[in-house]
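The values are calculated or read from the model by the stated rules, or taken from the named source; none is laboratory data. Please read these numbers as outputs of a predicted model, since none were measured by experiment. Virtual Cβ from ideal backbone geometry, glycine too; neighbours counted across all protein chains shown.
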Amino acid sequence: MKEKIEKILEEVKSFHADSKEALEQFRIQYLSKKGTITELFTEFKQVAPEMRKEMGMRLNELKNTIQDIIDEQYKQFETKSEGKTDIDLSLPVEAMKGARHPLSIVREEINDIFRRLGFVVAEGPEVEDDFHVFAALNFPPDHPARDMQDTFFISKSPNENKPTDVLLRTHTSSVQVRAMENNKMPIRIIAPGRVFRNEAISARAHCIFHQIEGLYIDKNVSFADLKQVLYHFVQEYFGEGTKVRFRPSYFPFTETSAEMDISCNICGGEGCNICKHTGWVEIMGCGICDPNILKACNIDPEQYTGFAFGMGIERIAMLKYQINDLRLFFENDLRFLKQFEKA
Ligand code: DAH
């Protein structure tokens with residue numbers, strides 16, 4: 001056995017692997033379960049007791065030497081392959097898999113229609129101050145919309161008559177104010193974005209939802225322009241022949257104010273659950289900008305007039321795709337989302 005060990009020791013010491021694979025082969029030959037060392041340990045059981053100690057030591061030495069050789073030679077392959085990978089980084093990217101969220105689809109479709117009419121997409125912060133969400137939009141300090149029940153406040157100011165509160169915007173109308181502050185005339189923007197209201201979550205309401213705001217200010221802008229633009233939008237989005245009607249309404253920031261309904265695209269005006277058997281569904285609020293909001297943004301209301309409108313993206317998507325529960329938009333259930341894969 002002694003000679004055998006010596007012979008193997010010589011053999012392994014002169015071994016030089018020229019590849020990782022060769023080294024692995026070497027390891028299998030000597031150290032695997034069926035390898036030479038295991039065989040020798042089996043033989044070792046027959047060694048005479050007086051020789052055992054010496055043979056045991058030699059055998060262990062041989063095993064350790066082989067392990068050291070492997071460890072040592074492995075390093076050279078590691079350093080050689082550094083910086084190299086099997087991945088070809090120059091290959092073109094695979095087309096994106098997955099689906100767009102229905103709210104993104106609808107938002108982009110609406111944006112596109114207004115872009116073609118010359119509107120520019122504008123953005124504003126979700127964390128806003130009282131001035132941009134309420135004060136500049138002609139909400140008096142005691143207006144109920146400012147109430148804790150509706151608004152998520154981040155910090156409240158001590159003086160109730162001069163609110164400087166920081167809050168989550170409750171509507172995208174705040175972007176109107178920012179657009180008027182930062183742009184030269186004429187202004188023609190649409191502002192899609194996320195809004196927040198302290199409401200109980202149900203099939204019809206959510207504390208986070210999305211709106212698109214529109215604003216057009218120039219010389220001689222009238223209610224006729226407002227009607228024409230919104231009529232065009234409805235024909236493009238809901239199909240030609242869709243009827244519109246305007247009902248008088250009230251918003252602090254518009255005077256005249258209206259709500260716009262379209263003929264129910266589900267029953268075609270015959271009457272169904274969605275339109276509560278009226279044949280009409282409300283899709284947005286709108287109106288002529290109150291002179292006070294132009295003044296708040298240093299625009300002369302004697303020279304300029306404008307119109308504004310605001311709609312909920314979820315509501316438009318629900319009508320378009322006949323979705324009856326608002327919560328579906330936020331649950332990220334793949335069975336729901338997959339239906340929009342190719343839309
Ligand atoms: N900001 C209103 C809301 O949150 C929607 C709205 C109504 C926006 C009338 C407008 C408008 O610009 O003119 O319900």
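Scanning the stretch 202-220 for residues that are among the aliphatic types (A, V, I, L, M) and closer than 16 Å to K184 by Cα gives L215, I217. The number of residues in the stretch 190-203 being away from the ligand (no atom under 11 Å from the Cβ) and touching a helix residue (DSSP H, G or I) at 6+ places or on another chain (Cβ under 8 Å) comes to 2.
A count restricted to the stretch 185-212 and to residues that are within 21 Å of V127 (Cα to Cα), buried (at least 20 other Cβ atoms within 10 Å of the Cβ) and either aliphatic (A, V, I, L, M) or not assigned by TED's automatic domain parsing to the domain that holds V106 (or both) stands at 5.
Would a scan of the stretch 253-269 turn up a residue that is assigned by TED's automatic domain parsing to the domain that holds L326, among the acidic types (D, E), modelled with pLDDT of 95 or more and in a helix (DSSP H, G or I)? Within the stretch 253-269, not a single residue is assigned by TED's automatic domain parsing to the domain that holds L326, among the acidic types (D, E), modelled with pLDDT of 95 or more and in a helix (DSSP H, G or I). Tell me, please, whether a residue that is surrounded by fewer than 20 Cβ atoms within 10 Å (Cβ to Cβ), among the hydroxyl-bearing types (S, T, Y) and touching a helix residue (DSSP H, G or I) at 6+ places or on another chain (Cβ under 7 Å) can be found in the stretch 163-184. Yes; the residues of the stretch 163-184 include at least one that is surrounded by fewer than 20 Cβ atoms within 10 Å (Cβ to Cβ), among the hydroxyl-bearing types (S, T, Y) and touching a helix residue (DSSP H, G or I) at 6+ places or on another chain (Cβ under 7 Å). For the stretch 168-181, residues that are farther than 24 Å from I113 by Cα and either over 22 Å from the mean Cα position of the chain (by Cα) or away from the ligand (no atom under 14 Å from the Cβ) (or both) total 1. Look at the stretch 196-215: where a residue is at positive phi, no partner that is surrounded by 14 or more Cβ atoms within 10 Å (Cβ to Cβ) sits 6+ places away or on another chain with Cβ atoms under 9 Å.
Within the option set F251, F330, being aromatic (F, W, Y) and over 30 Å from the mean Cα position of the chain (by Cα) holds for one residue only, F251.
Yes or no: I283 more than 12 Å from the ligand (Cβ to nearest atom), under 33 Å from the mean Cα position of the chain (by Cα) and β-branched (V, I, T)? Taking the combined requirement at face value, the residue does not satisfy it. Where residues in the stretch 219-244 are within 16 Å of the ligand (Cβ to nearest atom) and not in a helix (DSSP H, G or I), which of them is nearest to the chain's Cα centre (by Cα)? Filtering the stretch 219-244 for residues that are within 16 Å of the ligand (Cβ to nearest atom) and not in a helix (DSSP H, G or I), the one nearest to the chain's Cα centre (by Cα) comes out as V244. Filtering the stretch 311-330 for residues that are basic (K, R), more than 19 Å from F223 (Cα to Cα), within 16 Å of the ligand (Cβ to nearest atom) and part of a helix (DSSP H, G or I) leaves a non-empty set.
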